[in-house]
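Everything on this sheet refers to the single structure shown next.
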Amino acid sequence: PALRLLAAAVAGPLTRSPAHAAVRRRRVRIAGLAPGTPYAYDGEVARSGTELLIDKLPEALTVYCPMPV
């Protein structure tokens, strides 16, 4: 699916890909991280605890990730 997703991103709209789903969220919680996992924000690098809570402004952030199998 990752290769198909990359090809779709280059070739055309992702809405036709069976490996792509789109949702709009104002807040995303990422749990189950190993403490100290590095992440980046606004050009800065930090280390996580066991979870991250990300708030965003409307239309300010687009995140792409593979769908769970």
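The values are calculated or read from the model by the stated rules, or taken from the named source; none is laboratory data. Everything numeric here is computed off the predicted structure, so don't read it as measured data. As a convention, Cβ positions derive from the backbone with ideal geometry for all residues, glycine included, and neighbour counts pool all protein chains shown. These area figures cover heavy atoms from the full protein model, side chains too; ligands, DNA and RNA do not enter into them. Shrake-Rupley method; radii C 1.70, N 1.55, O 1.52, S 1.80 Å.
What to note about this one:
- Qualifying residues in segment 13-31 (those that are closer than 17 Å to VAL63 by Cβ and open to solvent by 100 Å² or more (accessible area, probe 1.4 Å)) - the one modelled with the highest pLDDT: ARG29
- Residue match in segment 51-65 (condition: assigned to a loop (DSSP other than H, G, I, E, B), more than 22 Å from LEU5 (Cα to Cα) and at pLDDT 90 or above): no
- Pairs meeting the criteria (first residue in segment 48-63 and loosely packed, with under 11 Cβ neighbours inside 10 Å, second residue of a type in the set (Asp, Glu) and not in a strand (DSSP E or B), beta carbons under 8 Å, at least 6 apart or on different chains) are lacking.
- Set side by side, the residues ALA40, ALA34, ALA46 differ, and just one is part of a strand (DSSP E or B), among the small types (Gly, Ala, Ser) and at pLDDT 90 or above, which is ALA46.
- Boolean, VAL10 is open to solvent by 70 Å² or more (accessible area, probe 1.4 Å), assigned to a loop (DSSP other than H, G, I, E, B), at negative phi and modelled with pLDDT under 75: no
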